[in-house]
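The values are calculated or read from the model by the stated rules, or taken from the named source; none is laboratory data. Just so we're clear, the structure is a prediction, and the values are computed from it rather than from any experiment. No Cβ is skipped: glycine too gets one built from the backbone with ideal geometry, and neighbour counts run over all protein chains shown.
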Amino acid sequence: MIKLACNYYHETEELVRESKIDIDYFKFPSLVFQMGMLNKSDLTEFGEFVENIKEVKPILLHGLNPSPHNIGSVTFIEDLNVEIVNKLLHISETPGISLHLAGIDKTLSRIQNLNIIIKNINYLKEKFPNLDFLSFENVDSNMFGVCIEPDFISTIIKETNVQFLLDISHAFCSARVKGENFEKYLYQLPLDNTYEIHINGWAERNNDIMCHIKINELGYRTLKNVLSVCSPKIVTLEYGRHNDRIGIGCPIMSNNRVNSTAKEEIIEQVDNLKQILNR
């Protein structure tokens, strides 16, 4: 059975405690909710936070904070604090690690960046061999250089024998940036290796695209189509924004208050996703 995760917010925790949604994991951190806890080498505050929310649902960790986690960085290995990451994994009890496929030096050649990423991923595999998964997520704009190229992504996933994290809205944005058909771009990605899917909505206005809003019709349709060609273990609702950059009237999330409209939209999306996942 595919497990369902949802970004952690006060809203999400309240909904689970109120039995208004049924999910398997809180994904942490989210776009909004981190409170600086993972920017510290002292994980005491994070540990206290985790102990509280693990009473409700387990955590699905995204990223390697507080250590730098740009997998494309030439200094990734020397920057990575293995001791702190092990503490982070122990405290969170996350089943695996997922990272953005990002952080390259665009002045280097394609093959140089490819070799750097492969070396860094193999180092992670060596240092953390007991994870259920190690997955890498497609990114969303030209600032990431060759990391938005489907064949580059596929080569990395296959050469290192790790899992792929498909972010549907990122794929839409990358296709738009490249001037390609969305479906054509999407199906060039290494979907056979998909372990997790991130799903959220997006909107376009004034030549800008804003993601992490309520899932739109194309998002749901794409998820259904993708599920017919791959078998992920987890689908994650990556909903929630700290601003309305393009002015569409979406709910704004904050550490300081609970947004009732956001709660309603989370309920609707979780219910829709459960139907798609046949839960």
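Identify, please: which residue in region 187-235 is of a type in the set (Gly, Ala, Ser) and closer than 24 Å to residue 26 by Cα and is, among those, farthest from the chain's Cα centre (by Cα)? Don't jump to the end; show me each part of the working.
From region 187-235, those of a type in the set (Gly, Ala, Ser) are 201, 203, 219, 228, 231; that's our starting set.
With closer than 24 Å to residue 26 by Cα added as a condition, the list becomes 201, 219, 231.
On the way: 201: 14, 219: 16, 231: 17 Å.
Within region 187-235, the match that is farthest from the chain's Cα centre (by Cα) is 231.
How many residues does region 7-36 hold that are touching a residue at least 12 places away in the same chain (Cβ under 8 Å), of a type in the set (Asp, Glu) and more than 18 Å from residue 234 (Cα to Cα)?
Count: 3.
So which strands (runs of 3 or more DSSP E) stay within region 160-244 end to end and still have 1 or more residues that are on the phi > 0 side of the Ramachandran plot and either in contact (Cβ under 8 Å) with a residue 60 or more places away in the chain or surrounded by fewer than 20 Cβ atoms within 10 Å (Cβ to Cβ) (or both)?
In region 160-244, the matching strands (runs of 3 or more DSSP E) lie at 208-213.
Would you check if residue 58 is under 18 Å from the mean Cα position of the chain (by Cα) and at pLDDT 95 or above?
yes
Among the listed residues 117, 121, 148, identify the single one that is in contact with a Gly (Cβ under 9 Å, 6 or more places away or on another chain), under 29 Å from residue 200 (Cα atoms), crowded, with 16+ Cβ neighbours inside 10 Å and modelled with pLDDT of 95 or more. Write out each step before concluding.
On the way: 121 fails: in contact with a Gly (Cβ under 9 Å, 6 or more places away or on another chain); 148 fails: in contact with a Gly (Cβ under 9 Å, 6 or more places away or on another chain).
Of the residues listed, the single one that is in contact with a Gly (Cβ under 9 Å, 6 or more places away or on another chain), under 29 Å from residue 200 (Cα atoms), crowded, with 16+ Cβ neighbours inside 10 Å and modelled with pLDDT of 95 or more is 117.
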